[in-house]
Each structure stands twice: as structure tokens, then as C-alpha cells.
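Everything below concerns the one structure shown next.
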Amino acid sequence: MKKIPLFIIMISLIIILTCRHSEAATPGELNLQTATGDLVKFLKDADPKMRSKAAQLLGEKKAGESLGELKKLVKDKDSGVRLSAVGALFNLGGKASVPSIVSTLKDENSDVRKLAAKALGGLNDKTAATALSGVLKDKDSGVRLEAVSSLGKLGGKAAVNALAQGVKDGDPGVRKAVVENLAKIGDKTSVPALVTSLKDRDPDIRAISAKALGALKDKSTITGLSSILRDESPEVRGIAVQALGEIKDKNVVPALVKSLDDSDPSIRDKATVIISRFTGKPATAALIKAAADRDVNVRAHAVQALASLKEKSAIPVLLTALGDQSPNVSSYAAQALGKLGEKSAVPGIMDLLKKSSDQDVRSKAVQALGSIKDKSSVAVLLDALNASNTRKDQVAEALGKIGDKKAVPSLVSLLQNRASDPSVREKAAWALGEIGDKSAVPFIKQVLAVGDTDSVKNVAQQALKKLEKK
């Protein structure tokens, strides 16, 4: 038998081993421990799964030296490989990856386009905004959604201008994402697009747009927001009212007056609260109207606001509000009339003090009578001193303001009652000084002689000085 030369045997073994290695290499064998150089070689493998896996791993390893080869791979004939190449370029990061990723925005495969759009937002290169604006015309809504999201992340005027194209997209999901991202960017150049979205057929989009416009606080949006105060959706109307309130401009008042006729009491209440932040005749007229609302919360907020405005034109509605069944409404009405010093309100306020058991109502009624300073209320105030649910310090103060000497005996009793709260004795001493009846002098001196808290003694000394000067 003829012997085979040794060198031929060795060459054959090498060929066999090489072939076996090639046959044995699978994507599953590649991992992060595989040398970067070997992975780069596998980018040119005949098997697309090998190319894809190698690209994925190079991205995970952030192997910057593979950038050049990965850029070439975005034009691979296999869509799976192109997808992995885009993902790898994103993982490598940096502006150098952007042009190659941008080139895949027109890829025939929607998954590749989708990942490319998403990657550009993650790379945060604002120059990509122009390219992404073209993607808003993509036939796949999923791709358009990713482009919208990325534009929202990039921000800036270029992104706003691009997103503005999307407010008329045929897909409600895309339109919603557009207004959400315009709101996220928060740039006033988005106002026209957001105003357009106030007319969208989807109530959620109208609501988001209204809220975004409110956050921008731009006076130019008042007309647009006013146009949806009659929207069929209560949520949209409520957000529109709130948005107008955010603008903080007196020109919103005439618009908000429309909402005082809304069928939803929470919206009428919201409008009332916002109107109460303004002064002037339009605001006062609106609050007077709201004070007669059928909803108790609306009436309470309106009357409370009128209390701070001190507008005499509100007196008729405030007098009516004294008889309101709601303690909040009647107490605020008493407070408002007290601030106005309206003497015609005294009978109604006295009646309120007599009949109400609510401590807050009684408190405001007492203070109102003190502010009006009508002596006809002294007897009712003195009676109130015997009620457990009346603050005696407030009654003493009211009696001091009115200044009727008939109150002196009761005030002396309060001053001498050591069991009472010091604040009550302080107000009693102060009131005696204000009334100016010298018959109280001995009693005040007695308190000073016996001793009391420092605060009571200080007030008593001041009262004594006033009385001794007279």
C-alpha cells in the first residue's frame, strides 16, 4: 500500500478542522466575552443571524472601534441585521452615529424605521429634528408615534414646528401624543397648534390642549379657550375654566361669566373662585350673580369674595344671603355686610346671632355687629355673653367698638372673672378703655392691684391711662 506523504495529511487535517469550526459557529456561541475583533469579523459572516448577533453584542460592549463597520451594516440586505445595526449605533451613542441612523428613517421595514426614530430621541441631537419631521408623514402610525416622542425629548423650536404638523394626523393616538409633547416642551410657539387642537373631535385631546395652553399663560389664547366653554364634555369645560384662570388677566372675566350658567355645579364653582381673584365692575357683577346660584358651594365662594371687595352694589344680594340655609353662606354674608358697615343689615345679623348654633356663624355675626357699630345691637350682644358657643373675647371687642355705656357692668364682670381665659379679660379691659366710662376705673385698678397675667395687666394699664385722661 502506497504511503500518503505526511505534509498532505497535515494540510487535510487543517482543512477538516477549519470546516468543522465554521460549521460549529452559531449565534448562540457569541457572547460579551467574545473578542471585539472577532465580533467585527462576524459582521461580514454569510449568515445574517451571525451578523445581527455580532452587531448587537458590539453595541452592548460599546465598542467604538466597530463604528465604521456598523455604519455600513445599516444598508445590509437583511432587515434583522439593519435593525441590530441601528440598535448598536444607538448604544454606541455620540453624534457620529446620527447620520447613519437618520438614513434608516426611510428603510422599507417599519420596525427599522421605528427603532431609528426612537434612537434619535435618545441620542439627544437636536439636528435630528428636521429629519424626524419628515417621519410624521410615515404610513405606519407606530413609526409616527416614535417620531413624536423623540421630538418631544429633543425640544426646541425646530421640534415644535415639526410637531405642529401632527395636530391633524389621521390617527387619534398620534394626535394625542403630539399635544402631550407640545405641552411637555412648553414653548409659546406651540400656541397656534394647540389652539387648533381645541377643535379636535377627541375630547381627551381637547382637554390636554386646554391644559397646555393654561400652563403657557399666554393672553392670546383667551379667545380660543373661551370657545370651548360650551364644549359637550364637562371635563373639557372644567379644564378650560382652569386654564383661563392660569392666565391671570382681567380679560378672562367676561369669558368666565359664560361658565356661571354651566349645567355642572363644579364648573360654576370653579369659575366663581377664579373670578373672585379679580376686582372691578365685571367681576363684581359676576359674583353678585353667583351669590344667587342654586348650588351652595357656588353661593358660599361668591359671598366670601364679595366680603373682600366691599362693593355696595352687592348689598341686596348679601342681605338675602343672611337668611341662607347654609352656615357658610350666611356667615360670609354677615362678614361682608359688616365690612361695608351696612346698618340696614343689623336686624338680619342680630337674628342670625339669636338663631344660629353654629360657632363660626355666631363669630362672624358678632364681628359684623362690632364693625357696624349700631347701638341697637348691644342687648343682643350682651345676651350672647351667656351662650357657651360664643367667643366672649369677640363679644367684648364688639361692645368696645360700639362704645355704649350699657355694656360696662358686663365687661367689668368679664374683667374680674379670673376663671375666664386671659384673652377674654384682655378684651374686656380694652373695651372699657374704648367706651370711656370712668365708673370702670376702680375695677381696673383693683385688677392691677391684685395682679393678673402680664398681657392682661398691660392692656388694663393702657385702658386706665385712657380713662384718666378724660
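Rule-based calculations on the coordinates, nothing more; no lab input. On a predicted model such as this, the values are computed, not experimentally measured, just so you know. Here Cβ is always computed from backbone atoms with ideal geometry, including for glycine, and neighbour counts include all displayed protein chains.
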- At 222 nm, what helix-only mean residue ellipticity would the chain give, in deg cm²/dmol to the nearest 500, using -39500 (n - 2.57) for each DSSP H run of four or more? -20500 deg cm²/dmol
- Query: Separation of the range 81-140 and the range 265-305 by C-alpha centroid, Å?
  - Reply: 53 Å
- ³J(HN,Hα), Karplus 6.51/-1.76/1.60, whole Hz, each residue of the range 317-322, x for Gly, Pro: 6, 6, 5, 5, 5, 4
- For the range 186-246, whose charge dipole is built from +1 on Lys and Arg Cβ atoms and -1 on Asp and Glu Cβ atoms, the candidate among LEU225, SER197, VAL236 with its Cα farthest towards the positive end is LEU225
- Query: Each residue of the range 365-375 in order: what ³J(HN,Hα) in whole Hz does its phi give by Karplus 6.51 cos²θ - 1.76 cosθ + 1.60, θ = phi - 60°, with x for Gly and Pro?
  - Reply: 5, 4, 5, 5, 5, x, 6, 6, 6, 9, 5
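Please state the charge dipole magnitude for the range 405-470, taken about the Cα centre, from unit charges on C-beta atoms (+1 on K and R, -1 on D and E), reported in debye and rounded to the nearest 20.
Taking the Cα centre of the range 405-470 as origin, the dipole is about 280 debye.
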- How many nm separate the modelled label positions at LEU67 and LYS139, each set 7 Å beyond the Cα in the direction of the Cβ? 3.5 nm
- Item | Full-stretch length increase - LYS188, THR279 - with 0.36 nm per residue and alpha-carbon distance subtracted | 30.0 nm
- Task: Take peptides 71-82, 37-48, 173-184 and line them up by average Cβ neighbours within 10 Å, highest first, as a rough protection proxy.
- Result: 173-184, 71-82, 37-48
- Total charge dipole magnitude, the chain, about the Cα centre, Cβ charges on Lys, Arg, Asp, Glu only, Debye to nearest 20: 1000 debye
- If unit charges are put on Cβ atoms (+1 for Lys and Arg, -1 for Asp and Glu) and the dipole of the chain is taken about its Cα centre, the option from SER259, GLY400, ALA300 lying farthest towards the positive end turns out to be GLY400
- Query: When Cα extents along the principal axes in Å is calculated directly from the model, which label among [x] 149, 54, 35; [y] 69, 58, 39; [z] 147, 57, 38 fits?
  - Reply: [x]
- What nm value, rounded to one decimal, do you get for the distance between LYS126 and SER227 when each label is placed 7 Å out toward the C-beta? 3.1 nm
- Within the range 107-237: Cβ-based charge dipole about Cα centre, in debye rounded to nearest 20 (Lys, Arg +1; Asp, Glu -1): 480 debye
- Task: Filter the trypsin sites (Lys or Arg not before Pro) in the range 223-331 to those in DSSP coil with at most 15 other Cβ atoms within 10 Å of their Cβ, and list the result.
- Result: ARG230, LYS248, LYS250, ARG277, ARG294, LYS310
